[in-house]
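The values are calculated or read from the model by the stated rules, or taken from the named source; none is laboratory data. These figures come from a predicted structure and were not determined experimentally. Ideal geometry is used to build each Cβ from the backbone, glycine not excepted, and the neighbour counts take in all protein chains shown. Accessible surface is based on the protein model in full, side chains and every heavy atom, while ligands, DNA and RNA are left aside. Shrake-Rupley method; radii C 1.70, N 1.55, O 1.52, S 1.80 Å.
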Amino acid sequence: MKTILFSLFLGISLGTFGQDQYLKDHYKFPIGASMNPRLLAENDAYRKLASTEFNSVTAENHMKMMLIHPDANRFDFAKGDEVVAFAKGQQKRVHGHTLVWHNQVPKWMNEFSGDTQAWEDLLKNHVQTVAKHYQGQVAGWDVVNEAFLDDGSLRPSIWAKNIPDYIAKSFQWAHEADPNAILFYNDYGQDGKPKKMQAILNLVQELQARHIPIHGLGLQMHINIASKNDEILSVINQSQATGLAIHFSELDIAVNPKNDSTFVYQEMTKKAQQQKFELIFKAYQEIPKSQRYGITFWNISDKDTWLRGYFKRPKEYPLLFDESYNRKPAYSQLLKNEK
Ligand code: G3I
């Protein structure tokens, strides 16, 4: 009996020896996902994938201003802390998202009125309280998120309106609060928008010339199967040429961007999506090792994607795990591809 069990064990070991079972072990850079603390607590399948498949964790919503700073004199770290506790309990890296954004701003901030100094005090207090709370627990922060419009101009926001030079100040404040954190500027849709891309490159140059600490660029990578490969690759090359850390920070590949209610997720589309995932991973591996902060997916399975709720687009399938939390063929292909 013992011999049979031993042979079985040996067979299984040899059978799997040399084969990676998870993307996070296959690739030599962190593989992350944004996560939702409610699903982590309530959904066994979700939590299982979160545990086994990823070694980097971003809170999808719960470190954003609206949720973490609901009243002027009250921070609510409970849900953000839950996400951190989950990650830390399993030795996973945490990426902080996001300190300053025009969206998901609490009502009290939108209604705030005061002079420039009062606005600066408000934002500095927010950035530094949150960054200090998570000091030593997060590896990096998306300090400023989505500050430019497609034409490269500064996006109108309460921050742009009330705080001159708010981007540089936010990076400075974040650095003072957590000097070891890797500080990112994070944005979407640079592909095919050369003016937006240029504005980001100009920002990096300007901040560096002023010795303001910026260490990384987050390329969100909310793309779709029709996104043009040459435009995506050009954005990656230009970002990498800054020498900063590069994070594909919110990857998903939409298959039904026009929200066609009769859409069927067919083989041809699945294949096109898979090829796009392969292109993204291949391009990422061409970035110098020292600049690879990782690839983060925007949530785990098609069931959890923001694209379904946010755009009321139930027929959307943008991730590597299907609605039943099973791996798609695209996942298996990425596992076979060269490391
Ligand atoms: O929590 C409330 C709930 O109480 C309420 O009943 C419900 C009714 O609509 O809304 C819930 O809040 C929603 C929140 O997600 C939490 O689920 C908001 O409506 C919804 O707008 C919000 O969407 C988030 C979106 O950012 C906000 O712009 C998405 O989940 C989140 O995935 C998305 O993430 C952003 C990144 O942070 C930055 N880059 C773009 C990316 C996609 O938009």
If I ask for residues that are within 16 Å of the ligand (Cβ to nearest atom) and either modelled with pLDDT under 95 or part of a helix (DSSP H, G or I) (or both), which ones from the range 261-302 would you list? ASP302
Testing ILE158 on (1) among the hydrophobic types (A, V, I, L, M, F, W, C); (2) more than 13 Å from the ligand (Cβ to nearest atom); (3) in contact with a helix residue (DSSP H, G or I) (Cβ under 6 Å, 6 or more places away or on another chain), one condition comes back false. Which one is that? (3)
May I ask you to list the residues in the range 51-90 that are within 16 Å of the ligand (Cβ to nearest atom), in a loop (DSSP other than H, G, I, E, B) and either open to solvent by 40 Å² or more (accessible area, probe 1.4 Å) or touching a Pro at 6+ places or on another chain (Cβ under 7 Å) (or both)? ASN61, HIS62, HIS69, PRO70, ASP76
Subset of the range 303-320 (residues that are under 18 Å from ASN55 (Cβ atoms) and within 16 Å of the ligand (Cβ to nearest atom)): LEU319
I'd like the full set of residues that are among the β-branched types (Val, Ile, Thr) and under 20 Å from ILE167 (Cβ atoms), limited to the range 92-137. THR98, VAL100, VAL105, THR116, VAL127, THR129, VAL130
Failed condition for MET63, given (1) modelled with pLDDT of 95 or more; (2) over 30 Å from LYS124 (Cα atoms); (3) not hydroxyl-bearing (Ser, Thr, Tyr): (2)
For the range 133-166, the count of residues that are touching a strand residue (DSSP E or B) at 6+ places or on another chain (Cβ under 7 Å) and open to solvent by 50 Å² or more (accessible area, probe 1.4 Å) equals 2
Identify all residues within the range 167-215 that are part of a strand (DSSP E or B), open to solvent by less than 10 Å² (accessible area, probe 1.4 Å) and among the aliphatic types (A, V, I, L, M); write none if there are none. LEU183
Given the conditions (1) within 16 Å of the ligand (Cβ to nearest atom); (2) free of Cβ contacts under 8 Å to residues at least 60 places away in the same chain; (3) in contact with a helix residue (DSSP H, G or I) (Cβ under 6 Å, 6 or more places away or on another chain), which single one is not true for ILE253? (2)
Count, please, the residues in the range 97-128 that happen to be out of contact with any Ser or Thr (no Cβ under 8 Å at 6 or more places or on another chain) and touching a residue at least 60 places away in the same chain (Cβ under 8 Å). 2
Note down all Cβ pairs under 7 Å where the first residue falls in the range 230-250 and is of a type in the set (D, E, K, R), the second is surrounded by fewer than 21 Cβ atoms within 10 Å (Cβ to Cβ), and they're at least six residues apart or on different chains. GLU231/GLY192; GLU250/HIS222
